[in-house]
Amino acid sequence: KQSHDIINESLNLGINFLDAAEMYPVPPKATTQGKTEEIIGSWIKKNDRSKIILATKVTGPGRPFDWIRGGPKAIDKENIEFALHQSLNRLNTEYIDLYQIHWPDRYVPNFGPSFYDFSNKRDSTPFLEQLDALNKFVKDGKIKYIGLSNETPYGVLSFLELSKKHGFAPMVSIQNAYNLLNRRYEYGLSEITDYAGIPLLAYSPLAFGHLTGKYLKNDNTQGSRMTLFPEFGVRYDKPNVKLAVIEYNKLAKELDTSLTQLSLAFCYSRPFISSTIIGATNIDQLNENIEALEFKITDEIVTEIYQIYQKFTDPSP
(Lines give C-alpha, C1' and ligand atoms only; values in the text may rest on other atoms or scores of the structure.)
Protein backbone atom coordinates (compact mmCIF):
# COMPACT_ATOMS: atom_id res chain seq x y z
CA LYS A 1 0.00 0.00 0.00
CA GLN A 2 2.81 2.40 0.86
CA SER A 3 4.41 1.83 -2.55
CA HIS A 4 1.08 2.18 -4.36
CA ASP A 5 0.45 5.48 -2.56
CA ILE A 6 3.85 6.78 -3.65
CA ILE A 7 3.26 5.73 -7.27
CA ASN A 8 -0.16 7.40 -7.31
CA GLU A 9 1.19 10.62 -5.81
CA SER A 10 4.12 10.54 -8.23
CA LEU A 11 1.69 10.42 -11.14
CA ASN A 12 -0.24 13.34 -9.63
CA LEU A 13 3.04 15.30 -9.54
CA GLY A 14 3.88 14.55 -13.17
CA ILE A 15 6.26 11.61 -12.71
CA ASN A 16 5.53 8.77 -15.12
CA PHE A 17 8.81 6.80 -15.27
CA LEU A 18 9.23 3.75 -12.99
CA ASP A 19 12.53 1.91 -12.88
CA ALA A 20 12.89 -1.66 -11.60
CA ALA A 21 15.11 -4.72 -12.07
CA GLU A 22 14.74 -8.46 -11.74
CA MET A 23 17.35 -8.27 -8.94
CA TYR A 24 15.52 -5.65 -6.87
CA PRO A 25 15.02 -4.82 -4.06
CA VAL A 26 18.51 -4.10 -2.81
CA PRO A 27 20.48 -5.31 -1.03
CA PRO A 28 19.89 -8.47 -3.11
CA LYS A 29 18.56 -11.48 -1.24
CA ALA A 30 17.05 -14.78 -2.31
CA THR A 31 14.02 -14.16 -0.09
CA THR A 32 13.15 -10.78 -1.63
CA GLN A 33 14.34 -11.04 -5.24
CA GLY A 34 11.64 -9.89 -7.65
CA LYS A 35 9.51 -8.18 -5.00
CA THR A 36 9.97 -4.72 -6.52
CA GLU A 37 8.56 -5.91 -9.83
CA GLU A 38 5.75 -7.74 -8.02
CA ILE A 39 4.73 -4.57 -6.16
CA ILE A 40 4.71 -2.52 -9.36
CA GLY A 41 2.84 -5.38 -11.05
CA SER A 42 0.17 -5.35 -8.36
CA TRP A 43 -0.27 -1.62 -9.01
CA ILE A 44 -0.52 -2.20 -12.77
CA LYS A 45 -3.19 -4.84 -12.20
CA LYS A 46 -5.46 -2.16 -10.68
CA ASN A 47 -4.50 0.81 -12.84
CA ASP A 48 -3.98 2.04 -16.39
CA ARG A 49 -0.69 0.59 -17.69
CA SER A 50 -0.43 3.30 -20.35
CA LYS A 51 0.03 5.98 -17.66
CA ILE A 52 3.59 4.85 -16.95
CA ILE A 53 6.86 4.33 -18.78
CA LEU A 54 8.13 1.09 -17.29
CA ALA A 55 11.79 0.13 -17.16
CA THR A 56 13.46 -2.94 -15.77
CA LYS A 57 16.79 -4.75 -16.07
CA VAL A 58 18.34 -8.14 -16.69
CA THR A 59 20.98 -9.13 -14.13
CA GLY A 60 24.52 -9.45 -15.45
CA PRO A 61 27.11 -12.12 -14.58
CA GLY A 62 30.03 -11.89 -12.19
CA ARG A 63 28.17 -11.67 -8.88
CA PRO A 64 27.28 -14.50 -6.47
CA PHE A 65 23.51 -14.35 -6.91
CA ASP A 66 22.93 -18.07 -7.32
CA TRP A 67 19.19 -17.61 -6.68
CA ILE A 68 18.85 -15.69 -9.97
CA ARG A 69 18.87 -18.20 -12.83
CA GLY A 70 21.26 -20.41 -10.86
CA GLY A 71 23.75 -17.56 -10.87
CA PRO A 72 23.46 -15.42 -14.03
CA LYS A 73 26.18 -16.63 -16.37
CA ALA A 74 25.70 -14.42 -19.40
CA ILE A 75 23.63 -11.84 -21.24
CA ASP A 76 22.71 -14.21 -24.05
CA LYS A 77 19.44 -15.24 -25.69
CA GLU A 78 18.67 -18.01 -23.21
CA ASN A 79 19.23 -15.85 -20.14
CA ILE A 80 17.49 -12.78 -21.58
CA GLU A 81 14.47 -14.82 -22.63
CA PHE A 82 14.05 -16.39 -19.19
CA ALA A 83 14.67 -13.14 -17.28
CA LEU A 84 12.39 -11.10 -19.53
CA HIS A 85 9.43 -13.44 -19.24
CA GLN A 86 9.84 -13.69 -15.47
CA SER A 87 9.81 -9.88 -15.29
CA LEU A 88 6.76 -9.63 -17.57
CA ASN A 89 4.89 -12.05 -15.30
CA ARG A 90 5.84 -10.24 -12.10
CA LEU A 91 5.00 -6.85 -13.61
CA ASN A 92 1.61 -7.97 -14.95
CA THR A 93 2.38 -6.50 -18.35
CA GLU A 94 2.77 -7.66 -21.94
CA TYR A 95 5.68 -5.35 -22.73
CA ILE A 96 8.58 -3.44 -21.17
CA ASP A 97 9.12 0.13 -22.33
CA LEU A 98 12.86 0.15 -21.55
CA TYR A 99 14.78 -3.09 -20.98
CA GLN A 100 18.31 -2.53 -19.68
CA ILE A 101 21.43 -4.63 -19.14
CA HIS A 102 21.96 -4.06 -15.42
CA TRP A 103 25.73 -4.17 -15.75
CA PRO A 104 28.05 -5.37 -18.50
CA ASP A 105 28.43 -9.03 -19.35
CA ARG A 106 32.20 -8.48 -19.39
CA TYR A 107 34.27 -7.39 -16.40
CA VAL A 108 34.31 -3.69 -15.57
CA PRO A 109 35.10 -2.05 -12.21
CA ASN A 110 31.70 -1.25 -10.72
CA PHE A 111 30.04 -0.55 -7.35
CA GLY A 112 33.08 0.76 -5.48
CA PRO A 113 36.40 -0.02 -7.23
CA SER A 114 37.99 2.88 -9.09
CA PHE A 115 40.47 1.20 -11.41
CA TYR A 116 40.36 -1.46 -14.11
CA ASP A 117 42.01 -4.65 -12.82
CA PHE A 118 43.38 -6.59 -15.79
CA SER A 119 43.50 -9.78 -13.74
CA ASN A 120 39.69 -9.72 -13.42
CA LYS A 121 39.10 -9.85 -17.16
CA ARG A 122 36.85 -12.80 -18.09
CA ASP A 123 35.22 -14.40 -21.10
CA SER A 124 32.00 -12.67 -22.05
CA THR A 125 29.14 -12.76 -24.53
CA PRO A 126 30.08 -10.74 -27.65
CA PHE A 127 28.33 -7.39 -28.02
CA LEU A 128 26.75 -8.46 -31.29
CA GLU A 129 25.23 -11.57 -29.72
CA GLN A 130 23.72 -9.49 -26.91
CA LEU A 131 22.25 -7.01 -29.40
CA ASP A 132 20.87 -9.79 -31.58
CA ALA A 133 19.16 -11.45 -28.61
CA LEU A 134 17.61 -8.20 -27.36
CA ASN A 135 16.44 -7.21 -30.83
CA LYS A 136 14.50 -10.45 -31.23
CA PHE A 137 12.27 -9.37 -28.36
CA VAL A 138 12.02 -5.83 -29.71
CA LYS A 139 10.68 -7.32 -32.95
CA ASP A 140 8.27 -9.48 -30.94
CA GLY A 141 6.89 -6.36 -29.24
CA LYS A 142 7.85 -7.53 -25.75
CA ILE A 143 10.43 -4.74 -25.47
CA LYS A 144 10.00 -1.25 -26.92
CA TYR A 145 13.49 0.10 -26.31
CA ILE A 146 16.80 -1.21 -24.96
CA GLY A 147 19.33 0.51 -22.75
CA LEU A 148 22.48 0.12 -20.70
CA SER A 149 23.39 0.51 -17.05
CA ASN A 150 26.72 0.82 -15.23
CA GLU A 151 28.42 0.99 -18.63
CA THR A 152 31.66 2.54 -19.85
CA PRO A 153 32.49 4.62 -22.95
CA TYR A 154 33.98 1.52 -24.59
CA GLY A 155 30.78 -0.45 -24.09
CA VAL A 156 28.45 2.31 -25.24
CA LEU A 157 30.42 2.98 -28.41
CA SER A 158 30.74 -0.74 -29.19
CA PHE A 159 26.97 -1.24 -28.97
CA LEU A 160 26.35 1.90 -31.03
CA GLU A 161 28.73 0.91 -33.80
CA LEU A 162 27.29 -2.60 -34.10
CA SER A 163 23.67 -1.48 -34.06
CA LYS A 164 24.36 0.92 -36.94
CA LYS A 165 26.36 -1.66 -38.89
CA HIS A 166 23.76 -4.44 -38.56
CA GLY A 167 20.56 -2.40 -38.54
CA PHE A 168 19.62 -3.29 -34.96
CA ALA A 169 17.54 -1.18 -32.61
CA PRO A 170 20.13 0.95 -30.74
CA MET A 171 20.72 1.45 -27.07
CA VAL A 172 18.73 4.59 -26.24
CA SER A 173 19.88 5.36 -22.68
CA ILE A 174 22.43 4.63 -20.00
CA GLN A 175 21.70 4.37 -16.28
CA ASN A 176 24.78 5.09 -14.18
CA ALA A 177 25.37 6.54 -10.74
CA TYR A 178 25.71 10.32 -10.67
CA ASN A 179 25.74 12.72 -7.73
CA LEU A 180 27.86 15.37 -6.05
CA LEU A 181 30.06 12.63 -4.59
CA ASN A 182 30.45 10.74 -7.86
CA ARG A 183 30.71 12.69 -11.13
CA ARG A 184 32.77 10.12 -13.04
CA TYR A 185 30.12 10.12 -15.77
CA GLU A 186 31.53 13.46 -16.89
CA TYR A 187 34.97 11.99 -17.66
CA GLY A 188 33.95 10.61 -21.05
CA LEU A 189 30.38 9.42 -21.09
CA SER A 190 28.91 12.92 -21.09
CA GLU A 191 30.59 13.59 -24.44
CA ILE A 192 28.97 10.45 -25.86
CA THR A 193 25.63 11.65 -24.49
CA ASP A 194 26.09 14.90 -26.40
CA TYR A 195 27.20 13.50 -29.76
CA ALA A 196 25.44 10.14 -29.86
CA GLY A 197 22.18 11.13 -28.18
CA ILE A 198 22.28 8.52 -25.43
CA PRO A 199 21.21 10.41 -22.29
CA LEU A 200 21.91 9.51 -18.69
CA LEU A 201 19.23 8.18 -16.35
CA ALA A 202 21.05 9.16 -13.17
CA TYR A 203 20.64 6.79 -10.25
CA SER A 204 21.65 7.38 -6.63
CA PRO A 205 21.43 11.19 -6.94
CA LEU A 206 21.49 11.40 -3.13
CA ALA A 207 24.37 8.93 -2.75
CA PHE A 208 22.49 6.36 -0.70
CA GLY A 209 21.15 9.11 1.55
CA HIS A 210 24.50 10.73 2.33
CA LEU A 211 23.52 13.85 0.41
CA THR A 212 20.51 14.41 2.64
CA GLY A 213 22.94 15.22 5.45
CA LYS A 214 21.24 12.79 7.82
CA TYR A 215 24.43 10.84 8.50
CA LEU A 216 25.97 13.99 9.91
CA LYS A 217 23.42 13.69 12.73
CA ASN A 218 23.62 10.66 14.96
CA ASP A 219 19.93 10.96 15.88
CA ASN A 220 18.53 10.88 12.33
CA THR A 221 19.52 7.48 10.96
CA GLN A 222 16.93 5.09 12.41
CA GLY A 223 15.40 3.13 9.56
CA SER A 224 17.89 4.52 7.02
CA ARG A 225 19.46 2.24 4.44
CA MET A 226 22.98 2.65 5.83
CA THR A 227 21.65 1.63 9.25
CA LEU A 228 19.58 -1.28 7.95
CA PHE A 229 22.09 -2.49 5.35
CA PRO A 230 25.59 -1.31 6.38
CA GLU A 231 27.29 -3.95 4.22
CA PHE A 232 25.60 -2.57 1.11
CA GLY A 233 26.90 0.95 1.62
CA VAL A 234 30.57 0.04 1.34
CA ARG A 235 30.98 2.17 -1.81
CA TYR A 236 30.29 5.22 0.37
CA ASP A 237 32.61 4.11 3.18
CA LYS A 238 35.47 6.26 1.90
CA PRO A 239 37.69 8.73 3.80
CA ASN A 240 36.53 11.95 2.12
CA VAL A 241 32.81 11.24 1.85
CA LYS A 242 31.86 12.85 5.16
CA LEU A 243 34.21 15.80 4.60
CA ALA A 244 32.67 16.48 1.20
CA VAL A 245 29.13 16.18 2.58
CA ILE A 246 29.99 18.71 5.32
CA GLU A 247 31.17 21.19 2.67
CA TYR A 248 28.13 20.72 0.44
CA ASN A 249 25.85 20.98 3.45
CA LYS A 250 27.51 24.26 4.42
CA LEU A 251 26.94 25.58 0.90
CA ALA A 252 23.28 24.54 1.01
CA LYS A 253 22.78 26.49 4.25
CA GLU A 254 24.42 29.56 2.70
CA LEU A 255 21.97 29.26 -0.19
CA ASP A 256 19.04 28.88 2.22
CA THR A 257 18.07 25.44 0.96
CA SER A 258 18.48 21.84 2.11
CA LEU A 259 21.36 19.62 1.09
CA THR A 260 18.80 17.26 -0.45
CA GLN A 261 17.40 19.97 -2.70
CA LEU A 262 20.82 21.32 -3.66
CA SER A 263 22.01 17.83 -4.59
CA LEU A 264 18.93 16.98 -6.63
CA ALA A 265 18.70 20.41 -8.26
CA PHE A 266 22.30 20.00 -9.42
CA CYS A 267 21.40 16.69 -11.10
CA TYR A 268 18.20 18.16 -12.57
CA SER A 269 20.25 20.98 -14.13
CA ARG A 270 22.82 18.83 -15.95
CA PRO A 271 22.27 18.87 -19.74
CA PHE A 272 23.27 15.22 -20.18
CA ILE A 273 20.63 13.90 -17.75
CA SER A 274 17.20 13.10 -19.14
CA SER A 275 15.79 11.55 -15.96
CA THR A 276 16.90 11.53 -12.34
CA ILE A 277 15.87 8.35 -10.53
CA ILE A 278 14.76 9.15 -7.00
CA GLY A 279 13.92 6.58 -4.33
CA ALA A 280 11.35 7.93 -1.91
CA THR A 281 10.32 5.92 1.15
CA ASN A 282 7.35 8.13 1.93
CA ILE A 283 5.27 10.98 0.53
CA ASP A 284 7.18 13.65 2.46
CA GLN A 285 10.46 12.54 0.87
CA LEU A 286 8.79 12.47 -2.53
CA ASN A 287 7.54 16.04 -2.13
CA GLU A 288 10.96 17.30 -1.03
CA ASN A 289 12.54 15.66 -4.07
CA ILE A 290 10.01 17.31 -6.38
CA GLU A 291 10.37 20.70 -4.70
CA ALA A 292 14.04 20.64 -5.71
CA LEU A 293 12.84 21.42 -9.24
CA GLU A 294 12.03 24.93 -8.03
CA PHE A 295 15.60 25.57 -6.90
CA LYS A 296 17.60 26.95 -9.80
CA ILE A 297 21.29 26.18 -10.16
CA THR A 298 22.99 29.35 -11.38
CA ASP A 299 26.45 29.65 -12.92
CA GLU A 300 27.64 31.10 -9.61
CA ILE A 301 26.40 28.06 -7.71
CA VAL A 302 28.05 25.73 -10.24
CA THR A 303 31.33 27.57 -9.56
CA GLU A 304 30.94 27.15 -5.80
CA ILE A 305 30.15 23.46 -6.24
CA TYR A 306 33.22 23.05 -8.42
CA GLN A 307 35.43 24.62 -5.77
CA ILE A 308 34.29 21.93 -3.34
CA TYR A 309 34.66 19.29 -6.05
CA GLN A 310 38.29 20.29 -6.60
CA LYS A 311 39.00 19.60 -2.93
CA PHE A 312 37.02 16.35 -2.75
CA THR A 313 37.00 14.85 -6.25
CA ASP A 314 34.63 11.89 -6.49
CA PRO A 315 35.17 10.55 -2.96
CA SER A 316 32.62 7.80 -3.63
CA PRO A 317 33.18 6.24 -7.09
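The values are calculated or read from the model by the stated rules, or taken from the named source; none is laboratory data. Bear in mind the structure is a predicted one, so any value in this text is a computation, not a measurement. Note: ideal-geometry Cβ built from the backbone for every residue, glycine included; neighbour counts use all protein chains shown. Quick note on the areas: whole protein, heavy atoms, side chains included, nothing else; ligands and nucleic acids left out. Shrake-Rupley method; radii C 1.70, N 1.55, O 1.52, S 1.80 Å.
Assorted remarks:
- Linear extension gain, Asn16 paired with Ala169, 0.36 nm per residue minus alpha-carbon span: 52.7 nm
- For Ser158, solvent-accessible area (1.4 Å; no DNA, RNA or ligand), Å²: 20 Å²
- A Förster radius of 25 Å, combined with the Cβ-Cβ distance separating Ile53 from Glu186, puts the computed FRET efficiency at roughly 0.45.
- Sorting the Cα pairs of the chain by distance into bins of 10 Å, from 0 upward, gives 5, 26, 35, 25, 8, 0 percent per bin.
- For segment 143-217, the solvent-accessible area works out to 39 Å² per residue, with a probe of 1.4 Å and every protein chain left in place.
- In the context of the full set of protein chains, residues of segment 1-131 present 49 Å² of accessible surface per residue (probe radius 1.4 Å, heavy atoms only).
- Residue with peak Gaussian network fluctuation, the chain [Cα springs, cutoff 10 Å], from Gln86, Gln307, Gln33: Gln307
- Rounded to 0.05, the FRET efficiency of the Asn282 and Glu38 pair, given R0 = 22 Å and the Cβ-Cβ distance, is 0.60.
- Size descriptor, Kirkwood hydrodynamic radius, that averages inverse alpha-carbon separations across segment 130-216, Å: 14.2 Å
- Gain on full stretching of the segment that runs from Glu294 to Lys1 - 0.36 nm per residue minus C-alpha separation: 102.6 nm
- The accessible surface of the chain, taken with every protein chain in place and a 1.4 Å probe, is 51 percent carbon and sulfur.
- Length gained on full extension, Lys242 to Asp140: 31.9 nm, using 0.36 nm per residue less the C-alpha separation.
- Segment 91-215, relative contact order [Cα under 8 Å, separation at least 6], %: 23 percent
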